[in-house]
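Data block below; observations after.
The values are calculated or read from the model by the stated rules, or taken from the named source; none is laboratory data. Since this is a predicted model, take the numbers as computed values, not measurements. Heads up, the Cβs are rebuilt from the backbone with ideal geometry, glycines too, and the neighbour counts pull from every protein chain shown. Heads up: the accessible areas ignore ligands, DNA and RNA and are worked out on the full protein's heavy atoms, side chains in. Shrake-Rupley method; radii C 1.70, N 1.55, O 1.52, S 1.80 Å.
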Amino acid sequence: MRHNRVVTMSRVQPDQSRGRIAASALLAATALPLLLGMPASAQQLDLRGPLDDQRLAQVQPLDRQAGDQPVTPGQQPNNQAPGTLPTPRLPAATGIPSPAYRPASPGALPDNPDVLNAAPADGPDQVDATGNPIQPGTAGANGTGSWTPATTFDAQAAPDPRRAAGTGTGSRTPATQTRARSRAERAQGDPATAEEAEQATGRAATRGNALRRPGQAPAEQEAATVENPNLRNRTIDAEDRQLIDPREVRTGSIENGRLQRDDDPYAPLGIKAGTFTLRPSLEQGVLATSNADNSASGRSATISESTLRLNAVSDWATNSATVDGNINYRKSLSGQDVKEWRGRLEGTLNVDLDHDWRAIGRLGFETAPEGATSPEGVEGATTQPQRKTFTGSLALQKEVGKLRLGLTGEAERSVYGDATLGDGTIQSQETRNSTLYTATLRGGYQISPALTPFAELEIGHRAFDEKVDLNGYERSSNRLGVRGGVELDLGEKLNGEMSVGWLRQGFDDNRLDPISGATVAADLRWSPVRGTIVGLAGETVLEDSTTPGQSGSVLYTSTLRLERQMRANLTGNTAFGLSYRDYEGTGDHDLIYSAQIGATWWLNRYLGLTSYLRHERLSSNIEGRDSKTNSVYLGLTVQR
């Protein structure tokens, strides 16, 4: 019983052992082609570095065994005698025979350069890639031109040098170069063969760029070899894993860089509007004064003042435009009743014309109530008339060498509102409305870039809307004036101009004496040290009068202003004013002087505090005109 069981088991074991062996063999046969093809695939995909000779011999084609030496068609192997055909060898059992390439015409090349490694098949009138006829029987069984070595232990030939991917250059054999050169020489003598020579040259270049054929000389192999082919690709994080050279200079941080100093860190930045930069500001303050209207009978009051200012500057390449304006509203909070508007708007356009001509145009508007100290004020009026002035001018300037020429035409329109008397009566001032037309011719000579003397001639005419006023006087007049001065230009140190002259105004009514007198005008800016500006302004104005029998007066005004930047956010200023009015034909005069000191403290670039103290006094030989005013002001300014 036990013996039978053993016999039965011994019969079963051989069958199971054969099954395991068959399964293992099948698995090994399946994995072997994959393992053999992996090194070659990795090498073709540039995933590995260059292969050595031993590894390259293991993955070379099936039709080339170890010990094979490359030969070209028509060349005898080293182990065969001359005149004998090479021993044909059958293709590998596992390989699939590839059809032989047969060119469509002698010397034609296939579209695929890899086919050039194969020799052409046997046949009549067949030539190889170099143009030589193929001997019958030299092609292999599968058209590859392979041959059987004398022994499998012959020395292995060096592996083919691989060409880098994308390389389009290669070496041309001497025979190819000679044939291409001979065809080119024949083409020069025969134009009909020029196209054929060009095609031959292109084929020779294609052969030179193609892969090396078997049988190429070692010297030619070295010439065709590309330096450093198939370098090993670097990993993605190769640069991150490199060691840092401690000698390299580190780039400093942005915060540690030297910042450019702002010349005026509290200046307004402005608002960009097209090609203009707008700098608006709003100031609100309270004024406490001992004389609300600066009159001889004025009383104290606390007044609220609101001022809106606007400055706009263009950023054009050649021409320029500026706009300046302000609106001021005053209203009493306590004390004497005051309610008045003041405003000014002026625009300037500077245009460069051809041939060194320049045009400057100006438009302006100004409104303000008639001052109590003005000789044209209405006596006994609780509300002085509002005066509106419209101005417009056009100037043409020309530079001829050092000669400076200019012509300016200007029109000024004055319109007066109604006055309110103490009893509530409305008194019209339409008879005072007038328009002044002037033309000024100016010529100068530039002695140096900083000094230009000049002379001016002015003619004008004032026309009143009403030819005769309420008192029966014709106040329309003609004027004539001459001036001479000097223009200074020393940059920020000193710039401006000053002049003196004579001005005369004659009336259409012979009962009115002409107004004449010397004129003084100045507009200078001087900066003795950085942060300090001294300004001097002065002008001469001819004033009309509504008093019967009086022609008018000549007013001389001057202002000296000093501004000092004590700190980046603290600016102090002081001003002194002196005015003198001379009444024509009466000997009367007024003397007005003023003094003011103030400061502006900027909390930041957008917010600041402004304050000033002011004293003003009017002295006159006319009874009832003397006045004195003391004021203190504190305000808050917001700018952008």
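Report, ordered by the first and then the second residue, all pairs with beta carbons closer than 7 Å, sequence separation of six or more or different chains, a first member in segment 302-313 that is farther than 23 Å from GLY347 by Cβ, and a second member that is surrounded by 15 or more Cβ atoms within 10 Å (Cβ to Cβ) and hydrophobic (A, V, I, L, M, F, W, C).
THR302/ALA288; ILE303/LEU287; ILE303/ALA292; ILE303/VAL338; GLU305/LEU287
Which is open to solvent by less than 30 Å² (accessible area, probe 1.4 Å) and closer than 26 Å to GLU456 by Cα, of ASP544, ASP523? Quick ask: steps written out before the conclusion?
Numbers: ASP523 fails: open to solvent by less than 30 Å² (accessible area, probe 1.4 Å).
Checking each option against the conditions leaves just ASP544.
Scan segment 573-582 and tell me whether some residue there is hydroxyl-bearing (Ser, Thr, Tyr) and touching a Lys or Arg at 6+ places or on another chain (Cβ under 9 Å).
yes
Output the residues belonging to segment 455-473 that are outside any strand (DSSP E or B), of a type outside the set (Phe, Trp, Tyr) and either open to solvent by less than 60 Å² (accessible area, probe 1.4 Å) or touching a strand residue (DSSP E or B) at 6+ places or on another chain (Cβ under 7 Å) (or both).
Across segment 455-473, the qualifying residues are ASP465, ASP469, GLY472.
One line per residue, one yes/no per condition, for (1) over 19 Å from THR383 (Cβ atoms); (2) within 45 Å of the chain's Cα centre (by Cα); (3) not in a strand (DSSP E or B):
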| position | (1), (2), (3) |
| --- | --- |
| GLN284 | yes, yes, no |
| ALA292 | no, no, yes |
| ALA321 | yes, yes, no |
| TYR329 | no, yes, no |
| ASN350 | yes, yes, no |
| ALA368 | no, yes, no |
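For the subset of segment 497-555 comprising residues that are of a type in the set (S, T, N, Q) and within 40 Å of the chain's Cα centre (by Cα), which member is nearest to ARG442 (Cα to Cα)?
SER527
Do you know which of the residues in segment 400-428 that are open to solvent by less than 30 Å² (accessible area, probe 1.4 Å) and assigned to a strand (DSSP E or B) is nearest to THR383 (Cα to Cα)?
The residue in question is ALA419.
Taking the stated definitions as given, is LEU609 closer than 14 Å to ASN569 by Cα and either open to solvent by 70 Å² or more (accessible area, probe 1.4 Å) or part of a strand (DSSP E or B) (or both)?
yes
Cβ-Cβ distance below 7 Å, separation of 6 or more or different chains: which pairs start in segment 619-631 with a residue that is within 9 Å of ASP590 (Cβ to Cβ) and end on one that is surrounded by 13 or more Cβ atoms within 10 Å (Cβ to Cβ) and of a type in the set (D, E, K, R)?
Pairs found: SER619/ASP626; SER620/ASP590; SER620/ASP626; ASN621/ASP588; ILE622/ASP588; ARG625/ASP590.
Is it true that GLU584 is surrounded by 15 or more Cβ atoms within 10 Å (Cβ to Cβ) and farther than 19 Å from SER476 by Cα?
no
So, in segment 597-606, exactly how many residues are assigned to a strand (DSSP E or B) and either more than 16 Å from LEU562 (Cβ to Cβ) or open to solvent by 40 Å² or more (accessible area, probe 1.4 Å) (or both)?
Going through segment 597-606 one residue at a time, the tally reaches 3.
Look at LEU353 and say whether it is buried (at least 16 other Cβ atoms within 10 Å of the Cβ), without any contact (Cβ under 8 Å) to a residue 60 or more places away in the chain and more than 30 Å from SER545 (Cβ to Cβ).
no
For segment 299-346, what are the residues that are β-branched (Val, Ile, Thr) and open to solvent by less than 70 Å² (accessible area, probe 1.4 Å)?
Of everything in segment 299-346, those that are β-branched (Val, Ile, Thr) and open to solvent by less than 70 Å² (accessible area, probe 1.4 Å) turn out to be THR302, ILE303, THR307, VAL313, THR322, VAL323, VAL338.
When you scan segment 566-578, do you find a residue that is open to solvent by less than 60 Å² (accessible area, probe 1.4 Å), under 18 Å from PRO375 (Cβ atoms) and not basic (Lys, Arg), even just one?
Step one: list which residues in segment 566-578 are open to solvent by less than 60 Å² (accessible area, probe 1.4 Å), which gives 568-575, 577.
Retained after the next criterion (residues that are under 18 Å from PRO375 (Cβ atoms)): none.
No, because not a single residue in segment 566-578 is open to solvent by less than 60 Å² (accessible area, probe 1.4 Å), under 18 Å from PRO375 (Cβ atoms) and not basic (Lys, Arg).
Which one of GLY608, GLY635, GLY577 is without any contact (Cβ under 8 Å) to a residue 40 or more places away in the chain, under 50 Å from the mean Cα position of the chain (by Cα) and under 29 Å from LEU308 (Cβ atoms)?
The unique qualifying residue is GLY577.
To keep it simple, each residue is scored yes or no on (1) assigned to a strand (DSSP E or B); (2) closer than 19 Å to ARG564 by Cα; (3) at pLDDT below 90.
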position: GLY481; (1), (2), (3): yes, no, no
position: MET498; (1), (2), (3): yes, no, no
position: LEU503; (1), (2), (3): yes, no, no
position: ASP513; (1), (2), (3): no, no, no
position: VAL520; (1), (2), (3): yes, no, no
position: VAL529; (1), (2), (3): no, yes, no
position: GLU539; (1), (2), (3): yes, no, no
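Can you tell me which residues in segment 547-565 are open to solvent by 40 Å² or more (accessible area, probe 1.4 Å) and not β-branched (Val, Ile, Thr)?
Residues satisfying the conditions are PRO548, GLY549, GLN550, TYR556, SER558, LEU560, ARG561, LEU562, GLU563, ARG564, GLN565.
When you go through THR431, THR435, THR452, THR440 one by one, which is the residue that is part of a helix (DSSP H, G or I) and surrounded by 15 or more Cβ atoms within 10 Å (Cβ to Cβ)?
Criteria check complete, one pass: THR431.
When you look at ARG279, is it among the basic types (Lys, Arg) and not in a strand (DSSP E or B), yes or no?
Against the criterion (among the basic types (Lys, Arg) and not in a strand (DSSP E or B)), ARG279 does not qualify.
Any residue at all in segment 607-623 that is charged (D, E, K, R) and in contact with a Leu (Cβ under 8 Å, 6 or more places away or on another chain)?
No.
Looking at segment 559-588, which of its residues are charged (D, E, K, R) and farther than 17 Å from ASP626 by Cβ?
ARG561, GLU563, ARG564, ARG567, ASP582, GLU584
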